[in-house]
1. For segment 69-138 and segment 146-200, write down the distance between their C-alpha centroids in whole Å.
2. First select every other residue whose beta carbon is under 13 angstrom from the beta carbon of residue 180; then total the charges, Lys and Arg +1, Asp and Glu -1.
3. Under the definition of Cα pairs under 8 Å and six or more residues apart, what whole-number percent is the relative contact order of segment 68-198?
4. Sort 99-107, 159-167, 133-141 for me by packing, meaning the mean count of neighbouring Cβ atoms within 10 Å per residue, highest on top.
5. Rounded, prolate or oblate: which fits segment 68-198, taking a ≥ b ≥ c as square roots of the Cα gyration tensor eigenvalues, rounded meaning a/c under 1.5, else prolate when a/b beats b/c?
Amino acid sequence: MKRSLFLSLLFVVAAVLMACSASVDLFGNKVKPTLNIPPTQPPAIATSSTPLQPTVIIALPPPPSLETSITVYFMDEDRFINGTEPYEIAVSRTTASVNLPLAVLQAYFAGPTVDEYNQGLRMLGSGFSYVRDLTVENGIARVYLGGECANNGAAYSVAALIFKNLQQFPEITAIKIYDENNSTLDPDSAHSSLPYCLEP
């Protein structure tokens with residue numbers, strides 16, 4: 001009897017202890033999150049003790065022009081018809097080429113501007129229309145023309161304009177003109193020469 005009572009009492013104590021160890025939220029209380037309330041004044045921003053320097057803009061001069069002014073001679077048709085020499089009139093052009101003699105001849109075969117043409121200036125080609133090559137060696141300029149010679153025995157030809165345009169360069173002492181067949185009458189001397197088709 002005492003043993004049975006002791007066991008019953010032990011069972012009750014164990015049950016009470018188990019009940020005490022369990023934590024039950026009987027009221028459904030929840031943990032409220034913590035709110036971060038911002039300060040009423042904005043945070044101070046650290047500033048540098050060095051004052052800001054003004055921006056200085058330097059205007060650089062434009063680069064120098066690489067173009068060179070050249071003089072180009074065209075035939076004045078009115079002066080030629082009236083027999084009033086000189087028949088060649090100078091105009092100005094600009095070029096970026098360092099080979100000025102070639103630039104002058106190329107500008108000549110490009111012809112006069114519209115205004116210059118209306119003033120009577122002409123590019124006399126005698127059938128030739130461009131310069132294939134130009135070399136200058138030992139004072140001798142060798143001009144190789146392109147196109148097809150059609151001078152028809154005229155006394156005044158493209159040769160006169162080529163001579164006039166190249167004689168402005170002191171380094172040139174003689175001028176040899178070659179036709180489309182690379183032919184000139186006197187290729188080996190130190191003197192100027194023409195192709196047969198430009199002979200009057």
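FYI, it's all coordinate maths here, none of it is from the lab. Since the structure is predicted, the reported quantities are computational estimates derived from the model, not experimental observations. Reconstructed Cβ throughout: ideal geometry from the backbone, glycine too, with neighbour counts over all protein chains shown.
1. Computed from Cα coordinates, the inter-centre distance equals 15 Å.
2. Combined, the nearby Lys, Arg, Asp and Glu give -2.
3. Relative contact order, segment 68-198: 21 percent.
4. Going from most to least packed, we get 159-167, 99-107, 133-141.
5. oblate
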